[in-house]
Amino acid sequence: MAKVPCSHCRLEFDESIMIQEKNNDLYFCCNGCQGVYHLLKSENLDSFYEKLGNRVIAPPLTSTNPTQSFELESFRQRYVKTTKEGFSSIDLIIEGIHCAACVWLNEKVLADSDGVLEASINFTNNKAKVIWDDEVISLAQIIDKIRSIGYNAYPYQRGSEDVKATKTRQDYFLRMSVAIFASMNIMMIDVAKYAGFFSGIKSETLELIHIAEFIFATPVLFYSGWIFFRGAYYGVKNRIVTMDLLVSFGATLTYIYSLAILFKLINGHSYFDSVAMIITFVLVGKFLEVLGKKNAVDTMDKMKSQIPLEATIIEDGAKKVVGLDEIKEGDILEVKYGEKASVDGEIITLGGLFDESSITGESHVVSKNLNDKIYSGTINMGDVIRYRATKDYANSTLSTIVTLLEDSLASKPKIEEKANNISKYFSLTILLLAIATFIGWYLYGATFEDSLINAISVIVIACPCALALATPIASLIGISWASKRGLLFKEAKFIESFAKTSVVVLDKTGTITEGKLSVKSVSNTIDSEMLGKLYALTSSSTHPISVAIKRYLEATYHDIPNIELENIAQVEAKGLKANWKNQILLGGNSSLLKDFGINVSFESHYSLYHFASEGKVIVSFELDDTIKNDALAMIAYFKKIGVRVIMASGDNTNVVSRVASSVGIEEFKSQLSPIDKANLIDTLKAEGEMVVMVGDGINDVLALSKADVAIVMGSGADVALAIGDVVILDNSLDGLQKSFYISKRTYKFIKQNLALSLLYNLITIPFAIMGFVIPLVAALSMSLSSLMVVGNSMRIGKNDE
């Protein structure tokens, strides 16, 4: 059967299973896509599809949570703010946004809604700010509008740290923009000044150049450079000589000297260009640091937003919705289909199915029976269940993970502390050398002006521009090179740690394996009629095992009979039962077959699926998660370069052992909780190892945050992607090898840049001290040193692996 694309989401499916509208020649994969398509048409928003182009989007999201919860007083107190004008404001995370067209659609729908005064969405983090008039439209109606077009929204609480980080980022960006604009103009003016210095220039023209440079340099020093003056002040106040003091002191002296030339108190060339470049170069580095801190705050806030807002408890036979903090140990809670368990507890009703991927990272739905434990953050995939809370919210699993993650993000890496110490001693040394140069020359008999010029030359020529650029320029080029190969480095500072890695900890599901079940073996062949019955039975279920078997049948058999089954019913946590004519068909695990008096002696270390008819087992399937094709090569590469490999998984020992032996991993850990994985990382780091953690699930988030470098696969959970330092977009282990190669090569060039910068200082500073370098040459020299570092960094991407 030919495949056709869905008219809304563009995903391709067999034409036979599509919802067809023959009059309009439209095909839809589900009722959600059909509804959204016609809604956009009726609202004249169908230009969305033109903006979408050929991109594929996910089918519409559905939510079982009623929007009435958005109108609860406890919700409004926690998330809704009131503007100065008296309107309501909220920050939301919009789920399902994939591209700019999605952003446009959501903003358009909200902006066209009566009562919505503002709706702006940030595509990079899916955060939306909505301001509305409560007298015209309610928040529940706004959420309904978002859901009506196939997206979902949940509240995002802007904590004090986020507000502070956002304000700081905006402040730095504005100051940096002013500095860059002014510096670019000064550089254009410098062409005439430097050309005139060697070929001759009229004094009137030179005076105009000085005035123009003064106009551009002044806001750079006193507005953009205010950050350094402030840092220098607090450094001096605490008796610490920082790079801020060196930058502000050198720039101020150069500015004062240039002012003296401008007002003809002394003769010479002004150095307003040096003032602007000193401030601009260092400010760019500062801005990159601020961005890194903001990303960390965003990650933590997004993690917190995953936590349920309230829970349903049973008191005296009546249901009551309460906040999480009100839940006590021993309370009886109810969880409906699609809802998350709010706290840890034990089931007190009939069992059900739970998606524990948020905790274990494994893709299987777990069957739960009476008295079985369930964990906060896991999703009920079956009927309504009730359970008794064994922990309050603060001590439950998900809350514990969040708390430990907060502690991890708040800690500073050792490399950052070392860099601060080095810059402190470097700045102090240069400052003392400049003062000594001034005093030495003045005592030697030189004039005050000559002594000042020599001191300024020392500061300018030794300004840490080259040192400041040595790491970020090489890192940015390396990161750009990596991005072209499907590798996203979120922060440059982890390249050094990556290059020094001694241990790699790998998650199993979705990292070493594909994260998709596939048929490993089949007990025997089946005839055409039974094939049709089995295909019909597996087609009626969305369980991962049924989906995998259906996919296997489609790939193996070309002509599958079309059989209609009757009375298809799901047997809780066991499988499916159906009728065909007078026959009873069963498909599921051994427990299902035993319930119908069928004994199964098939033993295996794999997931099993049995198909039976009329009291007999027709065929049994072994299913496994496919190991990635490049796993063997990746492990061999690690062994070649001397990196220790450990596989850490929440799966059972037999499965983990088998996967480890299949790919050549000698050291593995099984049945690990998220906290166990984090403890493993801590233990390795305590032993002096430089640890890289590779994972893709929410269960890996805590361990990822503890590692020196966190690498996630592009198909991973949103929170894992948020915490990761490197994202491998193609989900391949070959990408992990490329990450190592690029990091090692980039780090090699960083060391070269630092060596060039230090060599430059060792050669030029003595000449400046001896008076052989005037500030003009010092400024040119400083610029050339920066260009030298940039030019060397450009060679990073010249050779591929």
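Tabulated results
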| read-out | value |
| --- | --- |
| Net lengthening on full extension, Tyr557/Gln170 (0.36 nm per residue, minus Cα-Cα) | 133.3 nm |
| Loop trypsin sites (Lys or Arg not before Pro), segment 516-581, which have at most 12 other Cβ atoms in a 10 Å radius of their Cβ (DSSP) | Lys581 |
| Stretch gain in nm, segment Val136-Tyr444, where the contour uses 0.36 nm per residue and the Cα spacing is subtracted | 102.7 nm |
| Cleavage-rule hits, GluC sites (Glu not before Pro), segment 595-672, DSSP coil, Cβ neighbours within 10 Å at most 13 | Glu603, Glu614, Glu666 |
| Cα centroid separation - segment 513-531 against segment 724-765, whole Å | 47 Å |
| Hull-based mean projected area of segment 173-237, where the convex hull spans the alpha carbons, in square nanometres | 5.4 nm² |
| Karplus-derived HN-Hα couplings along segment 519-536 (A = 6.51, B = -1.76, C = 1.60, θ = phi - 60°), whole Hz, x at Gly and Pro | 6, 8, 7, 10, 5, 6, 7, 10, 7, 4, 5, 5, 4, x, 5, 5, 5, 5 |
| Estimated inter-spin distance, Gln68 and Ile266, nm [label 7 Å along Cα→Cβ] | 8.0 nm |
| Mean Cβ count within 10 Å, highest first, over the residues of peptides 757-767, 451-461 | 451-461, 757-767 |
| Förster-model FRET efficiency, 51 Å R0, Leu762 and Asn679, C-beta, rounded to 0.05 | 0.65 |
| Potential extension, Gln583-Asn629 segment - 0.36 nm per residue separation minus Cα distance | 12.3 nm |
| Estimated FRET transfer efficiency (Thr205, Glu85; beta-carbon r; R0 45 Å; 0.05) | 0.25 |
| Amide H contacts under 5 Å for Ile568, placed H, 5+ residues apart | Asn579 |
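Read the figures in this text as sums done on the coordinates, not as results from a lab. Small disclaimer: the values here were computed from a predicted structure and weren't measured. Don't worry about glycine lacking a Cβ; one is built from the backbone with ideal geometry, like all the others, and counts go over all protein chains shown.
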